[in-house]
Structure formats: structure tokens, C-alpha cells
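> Here it is: the structure, laid out below.
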Amino acid sequence: MSFEKKQKARIKRRVLRVRSTLKQNILVPKVSVFRSLKHIYAQIVDMTLGKTVASCSSLELDATGSKKEIARSVGLELAKRAKDQGISTVIFDRGRYLYHGRVQELSDGLREGGLKV
């Protein structure tokens, strides 16, 4: 098996493992994260309706600094937008990404903004 196939299989297993724990509680909205090389995107999805309630990305913000600082500011802004929608508790869906670095900073920003993650 080539390295690429092993890597794709590992990512697929990680996604299935993370999402299987999220399916246990569909009443609470989830925060879905996508991380590219330059930017980070996050959205709050109402799992009962399958609709996006609020979203935020580093493209929308005029934040400067390191990528971790920008990820934290995205988390703060998303928490503010969620509070405006009346959301106080969310489930964090890190997807295929490890809970480390920018993904962890985004989660910390959500908590700092007042959401219970």
C-alpha cells in the first residue's frame, strides 16, 4: 500500500471516529472546522435542520499576527455571532484535523467568547 493510500485511510478512520461521537447528541448545534494552508473557516450547523446558523472565516476578519492568533480571533467572532442567534452550547467537530495548533486556538476562542464547548 502506498503512502498516500495509508494517509487517506488514516484520515477517513479519524473522521469516522470523531463524527460517531457527535451523532449521539443531535439536538446541540455543532461547530464544523476547515483549515487550509493560509486560512481557517468555522461554521455552526443546526444538526436537526441541516442548516448553517452562523459562520466566520479568517478572510472576513482584518486580523493580523500569527495563524494561531487569527484562529483565536475567528473563534471569538463566531462566538459573538452565535450569541446573537441565541446559541450558548455547541459541540466541536474537528473533522480530520488533530486537536492541536490552530484548531485548538479556535476552540479556545469560542470558549473565551462565552460558548460552552
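> For the stretch 13-117, which trypsin sites (Lys or Arg not before Pro) are in a loop by DSSP, counting at most 10 other Cβ atoms within 10 Å?
K23, K38
> Then there is this: Let me check I've understood the local charge: for A79, count other residues with C-beta under 12 angstrom from its C-beta, Lys and Arg +1, Asp and Glu -1. What total comes out?
Once positives and negatives cancel, what remains is +2.
> Tell me which lysines have Cα within less than 16 Å of K38's Cα, excluding those fewer than 8 residues away on the same chain?
K67, K68
> Evaluated at 10 °C with a viscosity of 1.306 mPa s, what Stokes-Einstein diffusion coefficient in µm²/s does the chain have when Rh comes from the Kirkwood expression over alpha-carbon pairs?
108 µm²/s
> Given the -39500 (n - 2.57) contribution per DSSP H run of 4+ residues, what per-residue ellipticity at 222 nm results for the chain, rounded to the nearest 500 deg cm²/dmol?
The helix contribution divided over the chain gives -14500 deg cm²/dmol.
> Provide the net charge surrounding T89, with neighbours chosen by a C-beta distance below 12 Å and charges set as Lys +1, Arg +1, Asp -1, Glu -1.
+4
> Then there's this: Can you return the lysines within cross-link range of K12? Criterion is Cα-Cα under 20 Å, with same-chain partners fewer than 8 residues away left out.
Here the lysines satisfying the reach criterion relative to K12 are K23, K30.
Any read-out appearing in this document is the output of simple, stated calculations on the displayed coordinates, not a laboratory observation. All figures in this text were calculated on a predicted structure; none of them were measured in a lab. Counting neighbours? That spans all protein chains shown, and the Cβs are built from the backbone with ideal geometry, glycine included.
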